[in-house]
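Data block below; observations after.
The values are calculated or read from the model by the stated rules, or taken from the named source; none is laboratory data. These figures come from a predicted structure and were not determined experimentally. When we count neighbours, we look across all protein chains shown, and the Cβ atoms used for this are built from the backbone with ideal geometry, even at glycine.
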């Protein structure tokens, strides 16, 4: 497991670094969670709105991100998987041919196609609502949602992240999630160490 020396430093909040989390979101998203996500990803997460799901170990495993990054660039992936163990296990499913089999079933099963379309519409609606709450211009309605929805199966990581954030919504995300091992069984994937402040405040 990788260790983070200082939670706030990893979140990009001290030492002269600027965080990609808006000022009003720094208070809404716990700094230790930002640090954990940074350690999981190996980089500072961008445009974080909230922790969308927590792993049974207690750490974030899905972040909700703003539809537009601080520089205004569109970011269509609302739910972003951060846990490296979950990501690795999902990669194994992808390499097994699961997405190809799902794609074939999508063409043959109208009920499944309808449920997958509903998942796409749910994703876009949540993304539009996030933009409205943040006072951002919504992304174009014809922009992709995630994972290939509604007509293709391209990324199980995105579909699983959607299902973790909104249980019961994404049929392929649910199938993939059910096929995964308990990635949290060996404990947290990263360790975030917080420095205790000296009595009376920071020295120096």
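A few comments on the model shown:
- Candidates 146, 86 - the one that is closer than 27 Å to residue 57 by Cβ, under 14 Å from the mean Cα position of the chain (by Cα), outside any helix (DSSP H, G or I) and touching a residue at least 40 places away in the same chain (Cβ under 8 Å): 146
- Those residues of region 140-182 which are surrounded by fewer than 22 Cβ atoms within 10 Å (Cβ to Cβ) and modelled with pLDDT under 95, in sequence order: 140, 141, 142, 143, 144
- Scanning region 30-52 for residues that are crowded, with 21+ Cβ neighbours inside 10 Å, in contact (Cβ under 8 Å) with a residue 40 or more places away in the chain and not in a helix (DSSP H, G or I) yields a count of 1.
- Residue list for region 149-190, restricted to those being under 20 Å from residue 110 (Cα atoms), assigned to a loop (DSSP other than H, G, I, E, B) and either touching a residue at least 24 places away in the same chain (Cβ under 8 Å) or in contact with a strand residue (DSSP E or B) (Cβ under 8 Å, 6 or more places away or on another chain) (or both): 149, 150, 151, 152, 153, 154, 169, 170
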